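Colleague: Pasting in a structure now, in structure tokens, and then I'll have a few things to ask.
The values are calculated or read from the model by the stated rules, or taken from the named source; none is laboratory data. Computed from a predicted structure; not experimentally measured. All Cβ positions, glycine included, derive from the backbone under ideal geometry; neighbour counts span all protein chains shown.
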Amino acid sequence: MSVSGYLSIYNDWDLLGPALRSVLPLLDELVVVDGAYSWMAAFQERIGRDPRRSEPPVHGILQKLGIPVRYISAIWPNEIAKRVAGYRACNGRYILRVDADEIASFNASTLEHFFNSGAAVAEVEIPLYVAPGWVQASDQTAQFPRAAFLFDSKQISAEDHLQYLWLVLEADERPPSARRLPVFPDPVAFYAHLTAWRTPHTAIQRACFYVLNWHRKFGVPWVDGLQNKPLDDVATLLKQVPPQAFLDIMLGHELVTGHYNIGNSVLRAMPLSSSQEAILLPLHRQYQLGQKQLNEALRARPRFFRCGLPICIDLTDQENFAAIVHDGQAIFESSAQINAAKAVMHYVFTCSPWSTQVNLDCVIKGNFLHIKIPDRLDGEKNFVRRVIELHIWLSTGEKIQRFICR
């Protein structure tokens, strides 16, 4: 029995080392499918990146694995083509889908039963981590979300394995599949899904992908002439929005701060052992330090923003809070007179009501916005996320402006 892994990646290294080390015991080889998508190539080039190859931090991690690693580097039409190429390049009987933000804990006996069962596909439990010790769930007893991750290549083709994956497809479609074989009934591993724990260095790449992928299908609502017009290539957008301005706008995106609305979900205590959980703690600290540096940068230099679009700022950790808030308020200065503003603080708790939103008092004084921000919420329970969502509208007709924290 031989197992190949394929890793689809482009400039995503924050969690890559621990993610790969967690699956190494199962792998005989790793196929690395590197490179950006063709519709993002112009953007990557404009910000000084090679669209065919990830930056050195990715390759430095891969060179230390201690197993055979083969590279396929190209500019890809879409995620479908990239994953099919990775799957086809694998030599093993079984093929493992490897992601850069998932830490695996295998159940050895269940895994052995899968290999002996003749089943075509195995799944993992893969809840979304909110904070150390806490994952998002629909309720306190429901089954955790599951995802396919291990395929028998004799039964599942490269095209057919796409039917089992969670893919981000807006303008693309999966190829049709003639069949979907039964999945092994028991999860063979637990995956800590740490997608919200990236630092801004790599989270911004993810935010750009999601946002530009959406614009490919629906156009760009906030750019004149591009509303309701699908974007075949982001070069069209870059003619009106300079790359640095777009990157700055993405720094305020919820994906960069790791913020998301948990909706009707709850938080559940993590089922991992203390030693398994300990592996994750440095990764969360790395994430928090990244948010602190992002907040400090907002005080050090002006940042572009798009009027009216949400600007998310993480204030969970006390260091992050202190980088923005002084004497109970945050003060922002814009490059033009402020016409209106709205600020909401989002909290996520470890017990009911699980999440809440608090409207903050805003006072406008010309180009300055003063926001009153309490250090603690009245009657507040322990929170694991505290993120301010800020909207600023200016009196000028120019939609892209700059602001700074004072």
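Colleague: Please enumerate the residues belonging to the range 345-362 that are closer than 18 Å to Pro310 by Cα and either loosely packed, with under 15 Cβ neighbours inside 10 Å or in contact with a Gly (Cβ under 6 Å, 6 or more places away or on another chain) (or both).
Modeller: Thr356, Gln357, Asn359, Asp361
Colleague: Now, a different point. Based on this model, can you work out whether Ala137 counts as modelled with pLDDT under 95, hydrophobic (A, V, I, L, M, F, W, C) and more than 16 Å from Leu167 (Cα to Cα)?
Modeller: Criteria met by Ala137.
Colleague: If Ala19 passes every condition in (1) surrounded by fewer than 18 Cβ atoms within 10 Å (Cβ to Cβ); (2) under 19 Å from the mean Cα position of the chain (by Cα); (3) not aromatic (Phe, Trp, Tyr) but one, which one does it miss?
Modeller: It is condition (1) that Ala19 fails.
Colleague: Listed residues Ile72, Ile95, Ile61; which is among the β-branched types (Val, Ile, Thr) and part of a helix (DSSP H, G or I)?
Modeller: Result of the check over Ile72, Ile95, Ile61: Ile61.
Colleague: Related question: Between a residue in the range 212-236 that is on the phi > 0 side of the Ramachandran plot and any residue that is of a type in the set (Val, Ile, Thr) and in a loop (DSSP other than H, G, I, E, B), which pairs come within a Cβ distance under 8 Å, given they are 6 or more apart or on different chains?
Modeller: Close Cβ pairs satisfying both conditions: none exist.
Colleague: Something else now. Find the residue count for the range 33-57, including only residues that are free of Cβ contacts under 8 Å to residues at least 24 places away in the same chain and either surrounded by 16 or more Cβ atoms within 10 Å (Cβ to Cβ) or not in a helix (DSSP H, G or I) (or both).
Modeller: 5
Colleague: Still on this structure: Residues in the range 227-236: is at least one buried (at least 21 other Cβ atoms within 10 Å of the Cβ) and either part of a loop (DSSP other than H, G, I, E, B) or among the aromatic types (Phe, Trp, Tyr) (or both)?
Modeller: Yes, the range 227-236 has at least one match.
Colleague: Given the conditions (1) at pLDDT 95 or above; (2) in contact with a Lys or Arg (Cβ under 8 Å, 6 or more places away or on another chain); (3) outside any strand (DSSP E or B); (4) not aromatic (Phe, Trp, Tyr), which single one is not true for Leu289?
Modeller: (2)
Colleague: Would you please list the contacts, defined by Cβ atoms under 8 Å and residues six or more apart or on different chains, that run from a residue in the range 168-189 that is closer than 21 Å to His113 by Cβ to a residue that is basic (Lys, Arg)?
Modeller: Pro187/Arg146
Here is a yes/no grid of residues against (1) farther than 30 Å from Ile311 by Cβ; (2) surrounded by fewer than 17 Cβ atoms within 10 Å (Cβ to Cβ); (3) of a type in the set (Gly, Ala, Ser):
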position: Thr141; (1), (2), (3): yes, yes, no
position: Ser177; (1), (2), (3): yes, yes, yes
position: Pro182; (1), (2), (3): yes, yes, no
position: Thr195; (1), (2), (3): no, no, no
position: Thr199; (1), (2), (3): no, no, no
position: Leu212; (1), (2), (3): no, no, no
position: Arg216; (1), (2), (3): no, no, no
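Colleague: Can you tell me which of Leu255, Leu283, Leu294, Leu267 is touching a residue at least 12 places away in the same chain (Cβ under 8 Å), in a strand (DSSP E or B) and within 30 Å of Pro18 (Cα to Cα)?
Modeller: Leu267
Colleague: Test Asp327 against the stated conditions and say whether it is loosely packed, with under 14 Cβ neighbours inside 10 Å, among the acidic types (Asp, Glu), under 28 Å from Glu398 (Cβ atoms) and more than 29 Å from the chain's Cα centre (by Cα).
Modeller: no
Colleague: OK, next. Return the pairs, sorted by first residue and then second, in which the second residue is assigned to a loop (DSSP other than H, G, I, E, B) and hydrophobic (A, V, I, L, M, F, W, C), the first residue lies in the range 152-164 and is in contact (Cβ under 8 Å) with a residue 24 or more places away in the chain and within 10 Å of Ile95 (Cα to Cα), the beta carbons are less than 8 Å apart, and the residues are 6+ apart or on different chains.
Modeller: Asp152/Ala119; Asp152/Ala120; Ser153/Cys90; Ile156/Ala120; Ile156/Leu181
Colleague: Looking at Leu369 and the list (1) buried (at least 21 other Cβ atoms within 10 Å of the Cβ); (2) within 28 Å of the chain's Cα centre (by Cα), which single condition is not satisfied?
Modeller: Among (1) buried (at least 21 other Cβ atoms within 10 Å of the Cβ); (2) within 28 Å of the chain's Cα centre (by Cα), the lone unmet condition for Leu369 is (2).
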